[in-house]
Structure formats: C-alpha cells, structure tokens
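**Student:** Please read through the structure below; I'll follow up with questions.
Please treat every number below as a calculation from the coordinates, not as lab data. Fair warning: this is a prediction, and the values are worked out from it, not measured in the lab. Using ideal geometry, Cβ is built from the backbone for each residue, glycine included, and neighbour counts are taken over all protein chains shown.
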Ligand code: DGL
C-alpha cells in the first residue's frame with residue numbers, strides 16, 4: 001500500500017509514530033508543508049487549496065492508495081472536498097478525540113487544545129454539539145496560537161513554551177480538568193510539558209492509534225497484506241528541523257525538499 005500523509009509541518013509525524021507500531025508492507029510519503037505553516041492561522045479557503053494541491057501531487061508522483069490528513073486543521077477545512085474529489089482513494093482525517101475524552105473523564109471537566117482554525121470550524125462545532133448531550137461534561141476550549149511555531153523551532157522544553165502553556169492551562173488546572181484532548185497533531189510533542197504544568201494525573205488524548213487502525217481496516221478491505229517492511233520518505237516544501245524529525249521517528253527516514261506547483 002502506498003500511503004500519502006500530510007501536515008503543515010512536523011506534527012503529523014506523531015501519527016506516523018503510531019502507525020509504525022502496526023502498519024507493515026507499505027510505503028509512506030509524508031509531506032510537511034512548512035512553506036505554508038502554520039495552517040491554524042490561515043483561512044479555510046487557503047487551507048483547502050493547500051490540501052488539494054498536496055493530494056494531487058501525491059497522486060501524480062506517487063500513485064497513493066490512501067491519504068491520511070494528519071492535521072486537525074486541514075481535516076476541518078478540506079476532508080469533505082477531498083472525499084468528493086477523490087472517491088476511489090482511502091481518505092482518513094484527524095479529529096479532536098472529544099468522544100474518548102468524555103468517556104474517560106471522572107471529574108466531568110475536559111480540556112481541548114487546538115489551533116484557532118480548528119476551534120472556529122463548523123466540523124468542531126458539530127462534533128461537540130453531537131457529543132455534549134451524551135454526558136454532563138464541561139469543556140474548557142483553548143486555542144494555542146504560536147505553539148506550532150515553537151514546536152517547529154524545536155522549542156519543546158523551552159521556558160517560553162512552558163510559559164505559554166502555563167497561561168493557557170491555568171483555568172483547566174484550577175477547575176480540576178483531568179482529561180485533555182490534544183486537538184492538533186503537533187501537541188503530543190509537548191505532552192510531557194502539559195503534564196508537568198497540570199500537576200496531576202491526566203489523560204492526554206490523541207488519535208494516532210485510532211487512525212492507524214482505521215487505515216488497516218480500510219486497506220485490508222482493498223487487498224493490503226500487512227506484512228513486510230515499512231519505508232518512510234519525508235518531503236518538506238521549505239526548511240524543516242531535521243533534529244525534531246529524528247527525535248520523533250528515531251529510525252532513519254529519508255528527508256527531501258520539494259516544490260509543489262500550483
Ligand atoms: N498539526 C496541525 C493540526 O493538527 C496544524 C497546525 C498548524 O499548522 O497550525 O491542526
């Protein structure tokens with residue numbers, strides 16, 4: 001199976017990290033669209049255009065069988081269009097794990113961290129409207145502008161990143177939030193810092209494993225045999241922090257820079 005994956009940058013590698021544990025006999029073509037990052041502060045129209053261009057590139061150059069939108073922001077802006085434009089492609093998106101969070105919380109207080117575009121999107125509103133009636137839960141929603149840039153710069157454990165998180169998490173800490181949804185694929189990379197700032201036992205929810213599982217189900221329905229090596233090539237549309245790539249993936253991944261024509 002040839003799998004195309006994209007994100008605005010390094011965040012989607014947290015999804016790849018989960019896939020490495022279960023997906024075999026496949027080739028992954030990962031695109032980090034660093035030229036246009038961060039997506040979370042762009043308009044839905046811009047994000048849709050980036051997503052369509054990348055998908056077309058992955059189909060033309062790599063003949064992918066499956067596309068994983070490893071970005072909550074791009075999923076919100078583009079997943080419906082992608083499914084309509086490419087009906088024979090397996091298309092899997094990434095959504096904030098509100099449902100598992102509501103099931104896991106014992107205090108009934110759930111935090112949601114995401115990009116401004118994800119929280120403003122209709123998709124997020126529909127998701128929370130449909131789930132909030134299921135259990136009496138209070139959601140503490142927090143947009144984190146600037147956090148993606150910190151992570152891309154490699155400032156995962158820096159003082160400034162900690163200070164940003166201190167500010168955003170203070171209302172959650174004071175209100176006994178015990179479960180936090182990481183609604184951006186970059187945020188698992190600062191999971192440890194979030195745990196330290198919250199100073200309590202915490203459920204951190206991200207959906208990489210669920211995405212890998214869904215890919216295997218849909219792939220096997222189309223004849224994928226889950227056996228053999230997994231090859232990963234990472235392409236970026238501008239500079240990328242290679243240290244963070246190896247910090248996330250550990251094993252060797254080929255890294256190349258490309259231009260995606262409009
Ligand atoms: N990692 C992405 C997400 O899941 C996008 C972050 C950004 O570029 O703002 O939302």
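**Student:** Under a 10 Å cutoff between Cα atoms, tell me which one of 150, 199, 56 has the largest fluctuation in the Gaussian network model of the chain.
**Tutor:** 199
**Student:** In µm²/s, what is D for the chain at 25 °C and 0.890 mPa s, where D = kT/(6 pi eta Rh) by Stokes-Einstein and Rh is the Kirkwood radius from Cα pairs? Can you show the working numbers first?
**Tutor:** Numbers: Rh = 18.6 Å.
In µm²/s, the coefficient is 132.
**Student:** Expressed as an acute angle from 0 to 90° and rounded to the nearest 10, what is the orientation of the C-alpha long axis of helix 122-132 relative to the principal long axis of the chain?
**Tutor:** Helix 122-132 sits roughly 50 degrees off the main axis of the chain.
**Student:** Once the Cβ-Cβ distance between residue 247 and residue 214 is put in as r, and R0 is 22 Å, what FRET efficiency do you end up with, to the nearest 0.05? Don't skip to the answer; put the middle values down first.
**Tutor:** Details: r = 26 Å, r/R0 = 1.19.
My answer for the efficiency is 0.25.
**Student:** What order do you get for 129, 33 when you list them from fewest to most C-beta neighbours inside 10 Å? Numbers along the way, then the final one.
**Tutor:** Values: 129 9, 33 24.
Neighbour counts put them in this order, fewest first: 129, 33.
**Student:** Taking the radius of gyration and the Kirkwood hydrodynamic radius from Cα positions alone, what is the Rg/Rh ratio for region 177-262, to two decimal places? Walk me through the numbers on the way to the answer.
**Tutor:** Numbers: Rg = 17.0 Å, Rh = 16.2 Å.
My calculation of the ratio gives 1.05.
**Student:** Taking 30 Å as R0, compute the FRET efficiency from the Cβ-Cβ separation of residue 222 and residue 254 and round it to 0.05. Mind showing how you got there, number by number?
**Tutor:** On the way: r = 26 Å, r/R0 = 0.87.
Working from the Cβ atoms, E equals 0.70.
**Student:** Give me 151, 59 sorted ascending by neighbouring Cβ count inside 10 Å, so fewest comes first.
**Tutor:** Working: 151 23, 59 16.
In increasing order of surrounding Cβ atoms, one gets 59, 151.
**Student:** Still on this model: I'd like the distance between the alpha-carbon centres of region 1-56 and region 154-192, rounded to an integer number of Å.
**Tutor:** Using only Cα atoms to place each centre, the spacing works out to 23 Å.
**Student:** Using only Cα atoms and rounding to the nearest 10 degrees, what angle (0 to 90) does helix 72-85 make with the longest principal axis of the chain?
**Tutor:** Taking the Cα atoms of the chain, the angle to 72-85 is about 40 degrees.
**Student:** Another one. Grab the DSSP H runs of the chain that are 4 residues or longer, score each as -39,500 (n - 2.57), total them, divide by all residues and round the 222 nm result to the nearest 500 deg cm²/dmol.
**Tutor:** Using -39500 (n - 2.57) per qualifying helix, the result is -13500 deg cm²/dmol.
**Student:** What FRET efficiency, computed as 1/(1 + (r/R0)^6) with R0 = 30 Å and r the Cβ-Cβ distance, is obtained for residue 84 and residue 138, rounded to the nearest 0.05? Numbers along the way, then the final one.
**Tutor:** Values: r = 36 Å, r/R0 = 1.19.
With R0 = 30 Å, the Cβ-Cβ based efficiency is 0.25.
**Student:** Angle check, please: helix 13-22 long axis (alpha carbons) against the longest principal axis of the chain (alpha carbons), in degrees 0 to 90, nearest 10.
**Tutor:** That works out to roughly 70 degrees.
**Student:** Suppose the chain between residue 49 and residue 238 were pulled fully straight at 0.36 nm per residue; how much longer would it get relative to their current alpha carbon spacing?
**Tutor:** Working: separation 189, 0.36 × 189 = 68.04 nm, distance 1.73 nm.
Length gained, residue 49 through residue 238: 66.3 nm.
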